[in-house]
Amino acid sequence: MSVYHPQLAYCVVQFLEKDSTLTEVVIKGLLKFWPKTHSPKEVMFLNELEEILDVIEPHEFRKIMRPLFQQLARCVSSPHFQVAERALYFWNNDYIMSLIGENADVILPIMFGALYKNSKSHWNKTIHG
């Protein structure tokens with residue numbers, strides 16, 4: 001899968017740029033089939049998710065922000081440091097931060113517990129902050 005995944009993700013993003021109304025369906029599909037036991041695949045899903053969020057329209061973002069950030073909170077809380085670290089990198093993306101800022105009243109309560117817990121107890125110093 002890692003052989004063809006970057007090209008497939010690129011095609012999905014190009015498709016969503018042409019028809020943004022399908023963004024909700026694609027993200028809900030990713031969330032439905034999110035890997036639970038395979039950390040490298042989870043990192044791959046996070047990479048694809050960030051690429052999609054880079055082109056998402058704000059009104060489409062509002063449709064999926066709750067389930068999306070519930071999954072991101074789980075990823076941030078992952079004991080696997082690469083999953084947690086990759087999920088935290090979403091906060092380095094200016095466009096995603098602008099979307100979060102516009103919807104902070106919904107997103108911050110979802111994320112706060114995971115972020116706080118990691119700041120106090122994650123075993124990996126990179127994640128610990």
Where K28 falls short, out of the listed (1) surrounded by 15 or more Cβ atoms within 10 Å (Cβ to Cβ); (2) within 19 Å of M111 (Cα to Cα); (3) of a type in the set (D, E, K, R): (1)
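For residues that are β-branched (V, I, T) and touching a residue at least 12 places away in the same chain (Cβ under 8 Å), scanning just segment 31-52, find the one that is most open to solvent (accessible area, probe 1.4 Å). I'd like the intermediate steps shown before the answer.
Step one: filter segment 31-52 for residues β-branched (V, I, T), giving 37, 43, 52.
Narrowing the set further to residues that are touching a residue at least 12 places away in the same chain (Cβ under 8 Å) leaves 43, 52.
Working: V43: 33, I52: 1 Å².
In this case the residue turns out to be V43.
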Residue within segment 2-24 that is under 24 Å from A84 (Cα atoms), of a type in the set (K, R) and open to solvent by 60 Å² or more (accessible area, probe 1.4 Å) present: no
Of residues in segment 81-97 being open to solvent by less than 20 Å² (accessible area, probe 1.4 Å) and aliphatic (A, V, I, L, M), the one modelled with the lowest pLDDT: A84
Boolean, I100 is open to solvent by less than 40 Å² (accessible area, probe 1.4 Å) and within 11 Å of the chain's Cα centre (by Cα): no
Among residues of segment 103-120, those that are surrounded by fewer than 11 Cβ atoms within 10 Å (Cβ to Cβ) and among the charged types (D, E, K, R), counted: 2
Members of segment 53-80 found to be under 21 Å from Y10 (Cβ atoms) and open to solvent by 20 Å² or more (accessible area, probe 1.4 Å), listed by number: D54, V55, E57
Only listed residue being β-branched (V, I, T), more than 18 Å from S98 (Cβ to Cβ) and out of contact with any His (no Cβ under 9 Å at 6 or more places or on another chain), chosen from V55, V12: V12
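The values are calculated or read from the model by the stated rules, or taken from the named source; none is laboratory data. The structure displayed is predicted, hence computed values, not measured ones. All Cβ positions, even for glycine, are placed from backbone atoms using ideal geometry, and neighbour counts span all protein chains on display. To get the accessible areas, we keep the full protein, side chains included, count just its heavy atoms, and leave off ligands, DNA and RNA. Shrake-Rupley method; radii C 1.70, N 1.55, O 1.52, S 1.80 Å.
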